[in-house]
Structure formats: structure tokens, C-alpha cells
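A short write-up of the structure that comes next.
FYI, it's all coordinate maths here, none of it is from the lab. Predicted model, so just to flag it, every value in this text is computed and none were measured. Virtual Cβ from ideal backbone geometry, glycine too; neighbours counted across all protein chains shown.
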Amino acid sequence: MPKAAAGKTAVTKHKFVVDYSKPAADGVFDGADFEKFLHDRIKVDGKAGQLGESVKITRDGNTKITVTSNIPFSKRYLKYLTKKFLKKNSLRDWIRVVASAKDNYQLRFYNIAGAGDEDEE
């Protein structure tokens with residue numbers, strides 16, 4: 001029985017990336033504000049804003065935010081928080097959150113240009 005308990009102490013490391021390069025290039029998305037929002041809202045042991053050593057949030061230039069976790073952390077939870085941030089800043093109507101890889105999310109604009117192409121023909 002003690003051997004099974006020793007196996008559970010293995011550290012599970014999760015690394016997720018949110019790429020916001022397209023909205024940031026247009027100047028509608030603030031990466032520093034998003035980083036602060038994540039830091040204040042991510043819950044660890046039921047307490048928001050107390051990340052400690054369990055969760056680390058780093059911003060890579062003005063294009064990406066990386067969330068690294070040593071505790072169980074859901075990619076879906078990161079998407080939920082990202083959508084909540086977009087709604088708070090009234091950007092939810094123009095920007096969507098798309099999974100571009102297994103551990104990546106990308107913020108993209110909705111394709112509204114498709115409707116305009118039909119009128120030109």
C-alpha cells in the first residue's frame with residue numbers, strides 16, 4: 001500500500017498557451033490587463049488570486065500568455081476565464097477562442113467578411 005501512495009506524489013505539469021497576437025496587432029486587446037485578470041481570477045484550493053508556486057503566468061512579449069501549473073488544471077477552465085475576460089471588456093462579439101493545438105488557444109476575429117463578398121459579385 002505505501003508504494004501506491006509514493007506513486008501519487010509524481011508532479012503533473014500542465015502548460016497552456018493563449019495566443020492573442022491578432023487582436024493585439026489591431027490594438028483592441030491588452031495583454032498586461034489579461035495577465036492581471038488571470039492572476040486575480042484563477043482559483044487554487046478554492047481561493048482566487050493565491051497562486052503561490054502551484055500556478056505560474058508569464059507573458060511572452062505582446063503575443064502570448066503561458067500558464068504553467070503543478071496541480072491539476074483544466075484547459076477548459078482557461079478557456080472559460082478567457083471568455084469571461086472578453087465579455088468584461090465587451091470584446092466577446094468580435095473575438096472568439098479557438099483551440100489551435102492540444103495545449104494551445106488562439107484568439108481570432110469572427111469571419112464577417114464572408115457576407116460582404118457575396119454583395120460584390
What whole number of Å gives the distance from the Cα centroid of the range 67-84 to the Cα centroid of the range 95-112? 15
As an exercise, use a Förster radius of 25 Å and the Cβ-Cβ distance of Lys87 and Glu53 to find the FRET efficiency, rounded to the nearest 0.05. 0.25
Net charge over other residues, Cβ less than 14 angstrom from the Cβ of Thr68 (K, R count +1; D, E count -1): +2
As a quick test, which of the pairs Lys22/Lys75; Lys13/Lys84; Lys36/Lys56; Lys15/Lys64; Lys22/Lys64; Lys13/Lys102 have an alpha carbon distance above 18 angstrom in this structure? Lys22/Lys75; Lys13/Lys84
Return the sequence-ordered ³J(HN,Hα) values of the range 70-86 in whole Hz as given by the Karplus equation 6.51 cos²θ - 1.76 cosθ + 1.60 applied to θ = phi - 60°, using x for Gly and Pro. 9, 10, x, 9, 8, 5, 5, 5, 5, 5, 4, 5, 5, 5, 5, 5, 4
